Amino acid sequence: MSQTNTPLLDEVVQWSQETCRQELKAVLPKLTSLHDKSESWDDHIRILKIITEMFLPHIGLSELEDECLSKILPKVVTMFDSMVKEILDQVGGLSSQNTELCSLLRNILQAMMQIIDALSTCVRHVGTFEEVPDLVTIRSLPACILKILRETFQHCKDSEVVYCGRLSLVADLLQGLFKEAYTLQKGLLELLDRISLDSSASDEEVSDIVTVIHSLLDICSIISNLDIALHANTWKFLIKQSLKYQSLVEEHLHHSDICNSMCDNLLASFHNCVELSEQIKHGGLQEATQSTEYKLFQKSAKMCRFFANTLVHYIKEFKFFLAKYCRCFHQLYLKIISKFSPSLCAPTLPSALSEELNAAALVPMEALLLQLLPFRPFADVVLQPDLRLSPEHELPQCLLLVNALGQLSSQTEEVLQLWYSGSQFSEETPRLPLYQALFTSFRRCSTERQVPVLLPGLMMKGQAQIKVTLHRHICVQLCASVAALPPVYFPVLERCLADAVLQADTQTALLATDMWCFTARYGTAELCLHHVCLIAQLVKACTTECYQSFHLGLLLRRMVFLMTPNHQMELVARFPPSEVENLPVWRHVLLRALSQDARYRVETDIIGLTQKALTDWQNGGCKLGQVHKVNAVLLALLAAVRGQSSPEEQCVLSAMRIITQLWSRMSPDQVQTHPVLCSTLQLLLSISAVLVKNLEHQLILQALLCVEAVVSQGCAEPQLLLAALEFLSSLGKIFVPPDSQNQILPRLSSLFGVLLSDRSWLLHQHALEAFSHFAEITNHEEVISQSLCDEGTKTKVVNYLSKTMNAQGDVESRLNRLKLESAVIEQHNEKLENDKENVSNKQAADTVVDSEPCPKRARQETSAEEEYSRYIQTAESALKALQALSAPPPQWLGSRLKELQSIITNISTTRHTT
C-alpha cells in the first residue's frame, strides 16, 4: 500500500483548528477530490482522517451532506469492500511462517478499524448539534455505515471458516474490529432515534428509513449467533422504527422477511432453551444453577420471551399486511406447543426450568392466539377441511382449537360468526365450523388417547386441580362453550354433533354424545324431546348392523334418561314398540330409564310382539327364512330384560316361556349349517344369562350341550363365543343340585378350559373376565380347579386374578406400537366410511321377500367327501346330545325319531343305489 505524499496534505496536517475553520471552503473540495482520486488504501485513510478529524467539526449541519458526506462516503464503502476482498484472496497462504502475509493481513484489519473509527467520528459530530437533524441532511451516513457494518459482522461471523485454523494470528484484531463496529452501530442507532419524520416527509426520506429498517434486518440475520445483547437491541430498534413511522412505511416494509425472521429467531432461541434444559437436567439442577449452561438457558429464555412478545406486538400493529403469513404463525404455534406437556414429543424437565420456559414461550402463544383470533385468514388456515399435519402436531392443533373455543366468549359477533359458522359461500376459502374441526382434530389424536395423555383439570370446590384425560378436558371445554353459545349457532352445533356421532371413530362419537347430552340437559325439555325423536328416526334408518347404529343407539340410550315422563310416553306413542319396524329403537333403550307407565307399556308390547313372532314362526313350520324376524324381536326382548335391575315378574315369566320354546328348537347341527341361527343362539345365551336364576337345570344343560357342540367345531363367530362366556359367567349365581352336577359341572369346566386357552386376545381377555366373575360368586369351587388343568392357562388366570402385569417394553417402543396401531385403526375407520355409500346401495337388495333367508357368506368350495363327513359329524353330535338328556322325553319324541329313521333309511338306499 504505497502512500502518495502531496504538499497540500503535508501542509494541512500542520494547521490549527482555527486555520482549518478559515480555510474550510477553499480546502475541503480539494481534499474530497483527492480522496476520490486516490488509489492506495493508505492515501484513502489518511485523507479520510484529515477530513473527519480536522475539517468536519467546522461544517454546519445544513452543508454536511452536500459538501462532505455525499462526496466521501461512497468511496469509503468501495474502499472497505476492496479490503475485505483482498483478505479473502490472500488468506489461503496465511501461516505463522509467512510473516510478510501475516503482517499484510493485520495491516488491512487495522485499516478497516481506522475506517470504522472515522465513521464513528462522523456520527459523534452529528450528535453534537443541538438541533435535531433531518434525515435528508445526513442521508448518506446511515446507508454507508450500515453497509460497512454488514460486511464487518459477516467477516467476523465467517472468521473461523475464512482463517481456517490460523485464527489465532489475527484474533486480537478481529475482536477489536467487532468492538469498533459494535460501538459504531450503537452510535448510529442513537442518532437515528433522535430523528423524526412527520406525515409531510418526502418519498426520499421514507425510502431512506425503509432502507435503514431492511438493512438492520439483514444485519440481524448475521449477528444472531455473535452477540445476544447486540442482536436484541438491533431488533428492538428495528421494530421501534417500524412502529414510529408506521403510517409512512407500512406499505413499503418487507413484512414477510420481518415476520419470518422473527419466527425463526423465536424458534431458534426456544429450541436452544429446550436443549440446554435437557443438558441441565442430566447434570443435576442444584449443581447446574451456577453453571454456564444455566446462564445460557436464562439468556436464551429471555430472547425467546423477547421475540415472542415482539411478534405479538408486530402482528397487532400490522395485522392487515400479514394475511399471507398466517400459515407461518399457525406452524409456529404448533411447533412451540408440541414441546410442552402433554405432547408425546415434549421433554420431561425440572419444574423450575419448565416454569421459565412456560413464561418465555407458552404464555406469549396465548397472546398470539388472541391477536390472531379475529383475523379471517388465520381462521381459514386453522379451520381448513383438508388440513394435513405431522403426527407430533395433531395434539397441538387440537389444543389450539380448544384454546380458541375458550377465548371466543369475549369476542365480537363478527368473530363468533367467523369461527362458529364455517364458510358460508362458495367464493370463500373453505372453512369448517369450529366444533366440526375440533371433533376432527380429536379423532386424529388416537395415539394420545391410548397412552393416555393427561391435562390439568378445573378447580372444583376449592380442591386442587387433578390431571384429566384429553377426552374429559375437551368435553368440559365444549360443554362450557355450549352454555355461552348464542342461540343463532345452535343449528350449526346440531349438525356438527350429528356428523361426529355418525362418523366411524367410536371415541369421537362418545365425545359428541357427552356434549349432546349436556346440550339436552342445558336446553328445554322440548328440545330434548325433539332430539330424541330425531335420533330414534335415524336409528330406524340404519337398516344394517353398522357402526352408525351402535353410536346412535348409545346416544339414544342416554338421552331417554333426560326426558320427562310425559315426553317418554310421547316417544312411546310416536314409535310404538308393538310395531316391528320400531324394534330397532327400543332395543337400545334401557327400561329403567323410563317412567313406570312408559316401562309397562314398552315391556308389554315387546313381550306380546315377541310371542306373536314366535307363534307365527312355529305355525309356519319353523322355516329358516323367517328366523331373522324372530331374531329382531329377540333383540328387543333382550333389551327389555337387561334394561332394568329387577324385571317385573310377569316380564320374567313371559320371557322364560319364550326362550324355553326356542331352546327346544335349537340344535347344534342347524347352527353350524345356517348362519342365521348363530344370531338366534347368541341372543338366547344373552337372555338366558340375565334370567339364569329362573332357568330349569335341564334347560341349562341343553344350552351347555349346544355351546359345547358349537365350540367343538372350532369355527364359531366371536360374537357367539362372547355371548357364551356371558352365559357361563352367569352360572356362578346358581346352585346346581347333586342329581344334575355330573352332567352340568364337567361341561362347564370343559368349556371354560377351552375358551381360556383361546388364542384370540379378545376372546382370551373376555374369558378371563368371565371366569374371574364366576369364581368370585360360585358355590361349586371344583369347577374352578377342573377348568385349570392346563398349567399355562392356570398361570394366566392366576396372574389376572392377582393383577400381575405382563412385562412391558420401554416407553419409546410402546409409543411406536401405539402409533402403528392408530394408523391401522384410522385406515379401518376410513374404509368403513368409504363403504357407507355401498351399504346404502345394497339396502334395497337386503330387503328381500320375507320367506327367503338371508344370503349366506361365500365359502370355499369343498369336495363331496368333505361335505359328507361334515354333515355326518353334525348328525352324530346332535344324536349324542339327545342321548345325554336324562329328563323324561316328551310324547312327540317317538314319532319324530321314526321320521328321522325313515330319512336315514331313504338317504342310505338312495345314495347306495346311486
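Each value in this text was obtained by applying a stated rule to the coordinates, not by laboratory testing. This structure is a prediction, so every number in the text was calculated from the model and none was measured. Note that each Cβ is placed from the backbone with ideal geometry, even for glycine, and that neighbours are counted across all protein chains shown.
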- Item | Estimated vicinal HN-Hα couplings, Hz - the stretch 374-389 in sequence order (Karplus 6.51, -1.76, 1.60; Gly, Pro = x) | x, 8, 4, x, 5, 4, 4, 6, 5, 9, 5, x, 9, 5, 10, 10
- Task: For an R0 of 22 angstrom, estimate the FRET efficiency from the Cβ-Cβ distance between residue 657 and residue 896 and round to the nearest 0.05.
- Result: 0.50
- Order of 479, 326 - criterion: other Cβ atoms within 10 Å of each residue's Cβ, fewest first: 479, 326
- In units of 2.2 N^0.38 Å, the Cα radius of gyration of the chain is 1.46
- Using +1 at the Cβ of each Lys and Arg and -1 at the Cβ of each Asp and Glu in the chain, identify which of 438, 668, 889 lies farthest towards the dipole's positive end. 889
- Treating only the Cβ atoms of Lys and Arg (+1) and Asp and Glu (-1) as charged, compute the dipole magnitude of the stretch 322-390 about its Cα centre; round to the nearest 20 debye. 300 debye
- Task: Per residue of the stretch 7-13, in order, report the coupling 6.51 cos²θ - 1.76 cosθ + 1.60 (Karplus, θ = phi - 60°) as ³J(HN,Hα) in whole Hz, putting x for Gly and Pro.
- Result: x, 5, 5, 4, 6, 4, 5
- Helix 791-801: angle to the longest alpha-carbon principal axis of the chain, degrees 0 to 90, nearest 10? 70 degrees
- Query: Excluding residue 69 itself, what net charge comes from residues whose Cβ is under 11 Å from its Cβ, given Lys and Arg +1 and Asp and Glu -1?
  - Reply: -2
- Please return the longest stretch of the chain lacking exposed loop sites, where trypsin sites (Lys or Arg not before Pro) count only if DSSP places them in a loop and at most 10 other Cβ atoms lie within 10 Å. 1-387
- Item | 222 nm mean residue ellipticity, helices alone, for the chain (DSSP H n ≥ 4; -39,500 (n - 2.57); rounded to 500) | -22500 deg cm²/dmol
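What's the magnitude of the charge dipole for the chain around its Cα centre, counting Lys and Arg as +1 and Asp and Glu as -1 at the beta-carbon? Answer in Debye, nearest 20.
It comes to approximately 3280 debye.
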- Query: Between residue 595 and residue 309, what is the FRET efficiency for a Förster distance of 60 Å, r being their Cβ-Cβ separation, to the nearest 0.05?
  - Reply: 0.50
- With each label point set 7 Å from Cα along the Cα-Cβ vector, what nm distance links residue 903 and residue 826? 5.4 nm
- Query: What is the list of residues in the stretch 510-553 whose amide nitrogen lies under 18 Å from a point 7 angstrom out from the Cα of residue 765, following Cα to Cβ?
  - Reply: 510
- Note on the structure: Longest principal axis of the chain (C-alpha) makes with the long axis of helix 41-50 (C-alpha) an angle, in degrees to the nearest 10, of 70 degrees
- Task: Determine ³J(HN,Hα), in whole Hz, for all residues of the stretch 555-560 in sequence, where each value follows from phi through the Karplus function 6.51 cos²θ - 1.76 cosθ + 1.60 and θ = phi - 60°; x replaces Gly and Pro.
- Result: 5, 4, 4, 6, 5, 4
- Task: Go ahead and run the numbers for FRET between residue 530 and residue 388, Cβ-Cβ distance against an R0 of 56 Å, rounding to 0.05.
- Result: 0.90
- Message: Using a 7 Å offset from the Cα along the Cα-to-Cβ direction at both residue 348 and residue 319, what is the distance between the two label points in nm, to one decimal?
- Response: 4.1 nm
- Query: How long is the gain from residue 719 to residue 279 if the chain were fully straight, where each residue apart is worth 0.36 nm and the alpha carbon distance is subtracted?
  - Reply: 153.1 nm
- Item | Percent of alpha-carbon pairs separated by more than 23 Å within the stretch 207-346 | 41 percent
- Task: Could you check the simple spin-label distance between residue 158 and residue 8, using points 7 Å along Cα→Cβ, in nm with one decimal?
- Result: 3.6 nm
- Calculate how steeply helix 470-483 sits against the longest principal axis of the alpha-carbon atoms of the chain, using the helix alpha-carbon long axis, and give the answer as 0 to 90 degrees to the nearest 10. 80 degrees
- Item | Full-extension gain in nm, residue 733 to residue 268, via 0.36 nm per residue minus C-alpha separation | 160.8 nm
- Task: Please report the orientation-averaged projected area of the stretch 410-481, defined via the convex hull of its C-alpha atoms, in nm².
- Result: 6.5 nm²
- Run the dipole for the stretch 544-675 about the Cα centre, Lys and Arg Cβ at +1, Asp and Glu Cβ at -1, nothing else charged, and hand back the magnitude in debye, nearest 20. 160 debye
- Task: Among 643, 585, 548, pick out the residue whose Cα is farthest towards the positive end of the charge dipole of the stretch 536-651, where Lys and Arg carry +1 and Asp and Glu carry -1 on C-beta, about the Cα centre.
- Result: 548
- Task: At most 12 other Cβ atoms within 10 Å plus a DSSP loop assignment makes a site exposed; report the longest stretch of the chain without any exposed chymotrypsin sites (Phe, Trp or Tyr not before Pro).
- Result: 1-424
- Query: Given C-alpha coordinates of the stretch 712-826, what is the ratio Rg to Rh with the Kirkwood estimate of Rh?
  - Reply: 1.06
- Longest exposed-site-free window of the chain, the sites being GluC sites (Glu not before Pro) in a DSSP loop that have at most 12 other C-beta atoms within 10 Å: 580-860
